Structures are given as C-alpha cells and as structure tokens.
Ligand code: DX5
Ligand code: ZN
C-alpha cells in the first residue's frame, strides 16, 4: 500500500500543562489525526502525569480520536474510569501485569478500542496470542516515561508484528523519538499510527499554532515516497 492512510497522533506530554484545552484545539486545527494522552503513575514508569479526571477534562476539546496510553500498573482498576472519562482507545502494556488477555477483554467490554503496548525489551511474540483482542499494537521506540528521548530502532519487531497481523484490521502505532527522519523507517516497516511529542510541539505554542502545522506537515512530507511492505 502507499502511505496515504498514516495517522499522526501528537502526544500532549509535550504541550503546555497549564493550557491543555487550547493545546488540543490547536493541534487538531493544524492537522492532527488523533490526540495521544500519556497517563503515567510514577511506578510502572519513573514519571507521573495525570489520571482519569484530567482525561475527562480533555474530552470536550477532542473532536478527532482520544488515544489514551496507560503507563500504569495495575491497569484493570482504571479501565471503567477511563471509559467514563471518554477515552476512545485505551492501550495497556503487556509488561504491566500477568493478565493482559483479561485486561484487553475488559477494555473492549467497557466500550473502548483496545491497544496493547510493548516496551523495547519485549519481543514481538508477546502479542501473538493477543491479536484477536487488539485493535492496535503499540511498539515503543523509547523506554516509556519521558518525551524527547532518542529513537530506538524497532523496525524488525514492527515487520514481524505486521506479518503476524496478516489481513486483520489492526493498527501498529509507534511512540518515542518519531520525527521526519525516523517516521519513514517505521512506516516502511509497517507502522501506520505515529505518535510524536517533541517533533510536533517544537518551537510552537497556542500563540503560534502554525508551527504545529508546519511540524505535522514535515512528518507527512517525509513519508511521500514510502511504500509499506504488506
Ligand atoms: C513516552 C511517551 C510518549 C512521548 C513521546 O513515554 O509514551 O508518548 O510523549 O515523546 P517524543 O515524541 O518527544 O519522543
Ligand atoms: Zn505515549
């Protein structure tokens, strides 16, 4: 396939935390396809952001698709609260507990799309038995916890998951160090949802939202000649 269907999901971890509503409206007006929301608990990852009450507050500002990435353990006690807060997709890490299969079932049962995430040290095989329960596989290209980290090459893992997915309608998302240099590599390998924090928010602000638009277009332009091996 050609790459017209690639989605760009800015991570609001790189937004102004005092002005999330305006930041979300700005990135959507500037061409974001999804809004990526990083929930961190200071335990599963060494950083703490916000939880379901904040996600609920973001909801009215999101007109596209609210993609909530849970970097928390345990996950299950938070699922109903995230559904009530209005998450469209809820992504849990395979490393977050022993019962990811049950967790994915519970996410769908609560009415959301289900995503399953793998840290860089976790092999592709960890999701093989989960694909029929997942709408998306998130291949982390940094160790989760912070924005602005250096991209770790996970293209072999992405290819192997794309092969395992076959004809099923399952997104492969990548998250961490994605910019106009790294986006073509992961898209060629089979990724179709690109999370980008630093590369979208760099040099922009709600007062200069056109910079967000330039940054998003630069990532899209980098994909112009990429063909996915599917
Ligand atoms: C990292 C988060 C990412 C992060 C990406 O743990 O899950 O979503 O915001 O940031 P950049 O694009 O700056 O690497
Ligand atoms: Zn994320």
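The values are calculated or read from the model by the stated rules, or taken from the named source; none is laboratory data. Because the structure is a prediction, the values reported are computed rather than measured. Positions of Cβ are backbone-derived with ideal geometry, glycine not excepted, and every protein chain shown enters the neighbour counts.
Sort out which residues of the stretch 17-58 are within 17 Å of residue 215 (Cα to Cα) and either in a loop (DSSP other than H, G, I, E, B) or in contact with a strand residue (DSSP E or B) (Cβ under 8 Å, 6 or more places away or on another chain) (or both), and write them in order of number.
24, 27, 28, 30, 31, 32, 33, 34, 35, 36
Looking at 174, 186, which one is free of Cβ contacts under 8 Å to residues at least 60 places away in the same chain, in contact with a strand residue (DSSP E or B) (Cβ under 7 Å, 6 or more places away or on another chain), surrounded by 15 or more Cβ atoms within 10 Å (Cβ to Cβ) and not in a helix (DSSP H, G or I)?
None of the others qualify; the one that does is 174.
Hey, among 211, 216, which residue is under 12 Å from residue 10 (Cα atoms) and either in a helix (DSSP H, G or I) or in contact with a helix residue (DSSP H, G or I) (Cβ under 6 Å, 6 or more places away or on another chain) (or both)?
Being under 12 Å from residue 10 (Cα atoms) and either in a helix (DSSP H, G or I) or in contact with a helix residue (DSSP H, G or I) (Cβ under 6 Å, 6 or more places away or on another chain) (or both) holds for just one of 211, 216, which is 216.
Could we say that residue 202 is surrounded by fewer than 18 Cβ atoms within 10 Å (Cβ to Cβ), within 12 Å of ligand 1 (Cβ to nearest atom) and modelled with pLDDT of 95 or more here?
yes
Name the residue, out of 111, 148, 115, that is within 16 Å of ligand 2 (Cβ to nearest atom), in contact (Cβ under 8 Å) with a residue 12 or more places away in the chain and assigned to a loop (DSSP other than H, G, I, E, B).
Unique residue meeting the criteria: 148.
Please work out which one of (1) surrounded by fewer than 21 Cβ atoms within 10 Å (Cβ to Cβ); (2) away from ligand 2 (no atom under 12 Å from the Cβ); (3) on the phi < 0 side of the Ramachandran plot is the condition residue 27 fails and give its number.
Exception for residue 27: condition (1).
Take residue 162 and decide whether it is surrounded by fewer than 24 Cβ atoms within 10 Å (Cβ to Cβ) and under 22 Å from residue 93 (Cβ atoms).
On the way: surrounded by fewer than 24 Cβ atoms within 10 Å (Cβ to Cβ): yes; under 22 Å from residue 93 (Cβ atoms): yes.
It is true that residue 162 is surrounded by fewer than 24 Cβ atoms within 10 Å (Cβ to Cβ) and under 22 Å from residue 93 (Cβ atoms).
Sort out which residues of the stretch 39-55 are touching a residue at least 12 places away in the same chain (Cβ under 8 Å) and under 18 Å from the mean Cα position of the chain (by Cα), and write them in order of number.
Initially, the stretch 39-55 is screened for residues touching a residue at least 12 places away in the same chain (Cβ under 8 Å), giving 39-41, 43-47, 49, 51-55.
Those that are touching a residue at least 12 places away in the same chain (Cβ under 8 Å) and under 18 Å from the mean Cα position of the chain (by Cα): 39, 40, 41, 44, 45, 47, 49, 51, 52, 54, 55.
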